[in-house]
Each structure stands twice: as structure tokens, then as C-alpha cells.
Amino acid sequence: MATLNEELFTRACRSIPGGVNSPVRSFQAVGGAPFFVQRGDGPFLWDAEGNRYIDYVGSWGPAILGHAHPRVVQAVQEAAVRGMSFGAPTQAETLLAEALVERFPSLDQVRLVGSGTEATMSVIRLARGFTGRTKVIKFEGCYHGHADDLLVKAGSGPLTLGQPDSAGVPAASTANTLALPYNDLEAVRQSFAQHGRQIACVIVEPIAGNMNMVRPAPGFLEGLRQQCSAHGSLLIFDEVMTGFRVGPTGVQGLLDIRPDLTTLGKVIGGGMPVAAFGGRRDVMECIAPLGPVYQAGTLSGNPVAVAAGLATLEVIAEPGFHDRLAAQARHLAEGLGACAASVGWPFAADAVGGMVGLYFSPAIPRNYREATSVDLPAFRRFFHACLRRGVYFAPSAFEAGFVSITHDDEIIEHTLAVAESAFRELAGHHSLRAV
Ligand code: HOZ
């Protein structure tokens, strides 16, 4: 007999393609039906059947304070009673813009939009408009939203579904996109040598989080900065995932590198649809109404969403927030490594700030090729073994994991006990198969 979650999924599939409004949620990569969330609180989710899960997806990054944080909920309620959307400026938008500009030294100005995809597609148009050039360098396995010209060797959902290049994207849309291997500075140098002054920008996830988490090699981002400056191209850090997540000023703050332009999202909306792009004043002033690069949106800077973002940024600005978050994520990553080692399973884990990587491979991957060479069947079995025991990791081997400030030591210890028995189940299954 079908469970309630299965029934809800079957029903959803009748009116929504694949039953979901974003593909990775469908569990297609891990098998089975997704659970339907009824509510969330702190580190927990409850599904429609009343099962509770410790959540390491965290809405794919925004839930840095855990679910339904009281200050965020209050801010949203207070904003909602004043009106949901005006399509006219509100002061709260300026406050959020100021909060971003104050914290990120590379941002002279920002524009608020509704999603990370809008931010990245707008920033590419801006880079092209400002430089008068057409070519864009991106990196294999990086995901910059689902705009046509960026769906080339893309990570996240396209990679999870085995379609890193999407159907429906005309060749002409990607003709000017150069996809290079992540962490390969030599390939970047060659590309600049070949295409020289045609390259408008280099866009990079400065810590990749959409082919699992992959750190930049020492000198890689510095090399990108140097190449862009030498050739008059703009360097864009896509910090939709990493901004406020790996530290208070993103990867650029951790490594002290100043990109020309930055995209932000996820945390800055506190769980509501807010994203932003920003950077050098001379570049940002090319956007309409000041300049010729057009960009707009009815729900951009939506007052209710902005209220959630502002409340979230206030809480994470409290002293010691990111140190605590990072310690919790490290506890998880080190503990998972120890659990796997205790049964001799080839596994590695890593953490930066509140972001974690779980790799079903003996070493931490450094690029798309290594990230996609992991043991997918083992990942799937581990995922389901954890889920059955009430721990929800991302249903894809190609997504980062996220810890919130509410994932305290007790929650992490409980997770590790679950992971230990999941690894034991994996090892038992393996030795049974070997018999
Ligand atoms: N592509 C998103 C993660 N990197 C998933 C978004 C979602 O399903 O909500």
C-alpha cells in the first residue's frame, strides 16, 4: 500500500512535471519518492506522515538560522500586514543594500532581484554591456542558474540528472561560453591567449557548491584576478551559495580577493526570494535607468522578502556567529570521516564555514572529473540508510550540505550515530555481495 508521501507525490505528478518545481527535489538521483514537508523548526523538518528529519539541505543554503527562526518570522509577519508588494521603492530595500555594501568591500552598489538565476544572468549581461565584449569563461561543474548561456557543463540539477548541457538551448546561445576545467589556471591562460580581448568576464563559484563542494586550489582565484585585470575582463564571483555562508564576507573575505562583480542570494533572503548582484560603481552605473544595460522585475526588492533578509543578516552579525557555525560543520565533517574509517569505507568529508562536502571517494575532489568519479551506488544506499533513520542529506551526490546555527553538538552527535550505522549497513551489504 502506498504511503501518504507516495500518494502526495503521485498526485503532484499529475499536475506538475515530475511532481516538483525544481528537479533535484524529485529524488530521481537516489530513487524512491520524495517526502512532502509539512513544517520545519530549527534543524528539523517534519513530513506529511509526521516523520521528523534532521535537515542538512536547509532549503539548499538559505536556512542558516534553522527553520522558522522567531526573529525572521516576526519580521515577515510585520512586513506582510503592511502590504505584500508595491512595485515602488521602499526604505527597507535601501537598508538591505546598505547592509550588503557595508559588509562586502568589493560592493559599491547592488541591485536586488528575486533569485540567483536572475542575479547571474543579469550580471553577465552587465559585464558584456560594460566591456562591449561577448565571450564568457565559466568552469565545468559550476552552476550559475538556468539562463541559456550558462547551462554549459553545469553542475547542480543538470549534473544530478546527467544533463550538464540542456536541451532547448540554441547553439547560438552558448557559442560565446567557454567552459574550462575548475582549478586549471593554465587552461584559463591559454583561453585568454587565444581569445584575448573578446572575453567580457570570468564567472566562478569561488568555492564550488554545485558539483558537491570543491575548494579552489591555492592561487587559482588569485590567478583569475590577475588574468582578468591583465586583459580588461571582469571577474565575477558567484557567491549565491557561499556569501554569508562560508564566513561573514564570503569567499572574497576569506581569501582577500576583490572581484569586480558579485552575485549573492540564498542567505540574504532568509528563506524568501531575494538575490542581488553588485560591484564596482562604474560598472553598476551601466544598468538602467542610469545606463544602457536593461534589467527589471516586478517582485525585485519585495518588501516581505527583504524583511526576512534584513532580520537574517542582523542575527548572523552577532559576535561569534560564523565561528560557531564553522565549528559545528567541522564537527560533522570530521565525525563522518571517522564513522566511515571505522568500517573502512572509502569516504572523505570537508567543511568551510557552514558548508560541507561528503564524498564517496577516497580523496576530496578538485574538479568536475574527480567530483563525478565518486561511488554513486554507495552514495544512494547511504542516503536512504540515513533518511530511514531520520537524517536528510541532499538527494544528490553533486550538491553541498548545509549546517545551520541550530545544528548544535547534540544534533551533530545524533547524526553521527545515524551515519555510523548507515556506514555499517553499507559495509555489510558490500561484504554480503562479495560472498
Ligand atoms: N539547484 C538547487 C541546488 N543547488 C536546488 C534548488 C531546489 O530544488 O530547491
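Here Val251, Val267 are screened, and the one residue that is within 16 Å of the ligand (Cβ to nearest atom), at pLDDT 95 or above, over 17 Å from Gly132 (Cα atoms) and outside any loop (DSSP other than H, G, I, E, B) is Val267. Would you mind finding the one in Pro43, Pro23 that is within 25 Å of Arg245 (Cβ to Cβ) and within 16 Å of the ligand (Cβ to nearest atom)? Within the list Pro43, Pro23, the selection yields Pro23. Pairs are defined by a Cβ separation below 8 Å, a sequence spacing of at least 6 or placement on different chains, a first member in the range 167-181 that is within 14 Å of Ala147 (Cβ to Cβ), and a second member that is charged (D, E, K, R) and surrounded by fewer than 17 Cβ atoms within 10 Å (Cβ to Cβ); the pairs so defined are Val169/Asp148; Pro170/Asp148; Ser173/Asp148; Thr174/Asp148; Thr174/Asp165. Quick check on my filter: what residues within the range 21-43 are aliphatic (A, V, I, L, M) and assigned to a helix (DSSP H, G or I)? Hit for the range 21-43 is Val24, nothing else. When residues in the range 288-315 are screened for being touching a Leu at 6+ places or on another chain (Cβ under 7 Å), part of a helix (DSSP H, G or I) and not polar (S, T, N, Q), 4 of them pass. List the pairs whose first member sits in the range 16-41 and is more than 27 Å from Pro377 (Cβ to Cβ), whose second member is away from the ligand (no atom under 11 Å from the Cβ) and modelled with pLDDT under 95, and whose Cβ atoms are under 6 Å apart, counting only residues at least 6 apart or on separate chains? No pair meets every condition. Among the residues of the range 196-212, those that are in contact with a helix residue (DSSP H, G or I) (Cβ under 9 Å, 6 or more places away or on another chain), at pLDDT 95 or above and more than 22 Å from Gly278 (Cβ to Cβ) comprise Met211, Asn212. The one condition from (1) within 16 Å of the ligand (Cβ to nearest atom); (2) crowded, with 24+ Cβ neighbours inside 10 Å; (3) closer than 21 Å to Gly269 by Cβ that Thr117 does not meet is (2).
Restricting attention to the range 139-163, the residues that are in contact (Cβ under 8 Å) with a residue 12 or more places away in the chain and more than 13 Å from the ligand (Cβ to nearest atom) total 7. Among residues of the range 51-62 that are within 18 Å of Ser156 (Cα to Cα) and of a type in the set (S, T, N, Q), those with a Cβ under 7 angstrom from a residue that is more than 8 Å from the ligand (Cβ to nearest atom) and at pLDDT 95 or above, sequence gap 6+ or separate chain, pair up as Ser59/Gly271. Scan the range 382-412 residue by residue and report those that are in contact with a helix residue (DSSP H, G or I) (Cβ under 8 Å, 6 or more places away or on another chain), charged (D, E, K, R) and assigned to a helix (DSSP H, G or I). Of everything in the range 382-412, just one residue is in contact with a helix residue (DSSP H, G or I) (Cβ under 8 Å, 6 or more places away or on another chain), charged (D, E, K, R) and assigned to a helix (DSSP H, G or I), namely Asp409.
Taking the range 61-75 as the range and being part of a helix (DSSP H, G or I), hydrophobic (A, V, I, L, M, F, W, C) and surrounded by fewer than 20 Cβ atoms within 10 Å (Cβ to Cβ) as the test, only Val73 passes. For Asp238, the requirement of being under 22 Å from the mean Cα position of the chain (by Cα) and either at pLDDT below 95 or more than 29 Å from Asp323 (Cα to Cα) (or both) is not met.
From the residues in the range 1-20 that are more than 14 Å from the ligand (Cβ to nearest atom) and part of a loop (DSSP other than H, G, I, E, B), which one is farthest from Phe393 (Cα to Cα)? Per the criteria, the residue is Met1. Screening Tyr359, Tyr368 for residues that are within 16 Å of the ligand (Cβ to nearest atom) and not acidic (Asp, Glu) leaves exactly one candidate, Tyr368. Does Thr298 satisfy the criteria of being polar (S, T, N, Q) and either crowded, with 24+ Cβ neighbours inside 10 Å or touching a Phe, Trp or Tyr at 6+ places or on another chain (Cβ under 8 Å) (or both)? Against the criterion (polar (S, T, N, Q) and either crowded, with 24+ Cβ neighbours inside 10 Å or touching a Phe, Trp or Tyr at 6+ places or on another chain (Cβ under 8 Å) (or both)), Thr298 does not qualify.
The values are calculated or read from the model by the stated rules, or taken from the named source; none is laboratory data. Being a predicted model, the structure only gives us computed values, none of them experimental. Using ideal geometry, Cβ is built from the backbone for each residue, glycine included, and neighbour counts are taken over all protein chains shown.
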